[in-house]
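*Asks:* Take a look at this one; I'll ask things after.
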Amino acid sequence: MERLCRGRTGYEFIPKRRNALDLGALAGRLEACNIAVEANTPHLLIVKVNGTGVSVFASGKLIVKDIESKEGAEKIAMQLIRIIAGRGA
């Protein structure tokens, strides 16, 4: 599910099933795909995808920040979802 965030310059993507992602391992996979990991905590990763900030939660929820275009946010979210699922960038 996706929805516009309150600030109206970001989009939230919520998985249909609740996940328990290993964010430490995911951070390594993201870096291997040339995605910068700016913060790595047990509950949250903050990454940059092509200059756009994204919060990745252990539940699988993504918040694509500071982006006006729904299509652009969806493209970034799908790229991250492929990596999360282990299907590469």
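*Asks:* Suppose we keep only residues that are surrounded by 12 or more Cβ atoms within 10 Å (Cβ to Cβ) and hydrophobic (A, V, I, L, M, F, W, C) within the range 7-25. Which one would you say is modelled with the lowest pLDDT?
*Replies:* Step by step, filter the range 7-25, then rank; the result is I14.
*Asks:* A further question on this structure: Are any of the residues in the range 12-32 touching a Cys at 6+ places or on another chain (Cβ under 8 Å), in contact (Cβ under 8 Å) with a residue 40 or more places away in the chain and more than 12 Å from I81 (Cα to Cα)?
*Replies:* yes
*Asks:* Might you check whether a residue that is in contact with a helix residue (DSSP H, G or I) (Cβ under 7 Å, 6 or more places away or on another chain), in contact (Cβ under 8 Å) with a residue 12 or more places away in the chain and loosely packed, with under 13 Cβ neighbours inside 10 Å occurs anywhere in the range 54-65?
*Replies:* No, every residue in the range 54-65 fails to be in contact with a helix residue (DSSP H, G or I) (Cβ under 7 Å, 6 or more places away or on another chain), in contact (Cβ under 8 Å) with a residue 12 or more places away in the chain and loosely packed, with under 13 Cβ neighbours inside 10 Å.
*Asks:* Still on this structure: Looking at the structure I just gave you, is T41 at pLDDT below 90 and over 13 Å from the mean Cα position of the chain (by Cα)?
*Replies:* no
*Asks:* Pick from the range 66-89 the residues that are part of a loop (DSSP other than H, G, I, E, B) and not hydroxyl-bearing (S, T, Y): which of them is surrounded by the most Cβ atoms within 10 Å (Cβ to Cβ)? Explain how you work it out, then say what you get.
*Replies:* Residues of the range 66-89 part of a loop (DSSP other than H, G, I, E, B): 66-69, 85-89.
This time we only want the ones that are not hydroxyl-bearing (S, T, Y), so: 66-68, 85-89.
On the way: D66: 11, I67: 21, E68: 10, A85: 8, G86: 8, R87: 8, G88: 10, A89: 13.
Out of the qualifying residues, it is I67.
*Asks:* Say we look at the range 54-68 and pick out the residues that are within 12 Å of L80 (Cβ to Cβ) and among the small types (G, A, S); which of these is farthest from the chain's Cα centre (by Cα)?
*Replies:* That would be G60.
The values are calculated or read from the model by the stated rules, or taken from the named source; none is laboratory data. This is a predicted model, so every value here is computed, not measured. Glycine gets a Cβ as well: all are built from the backbone with ideal geometry, and neighbour counts include every protein chain shown.
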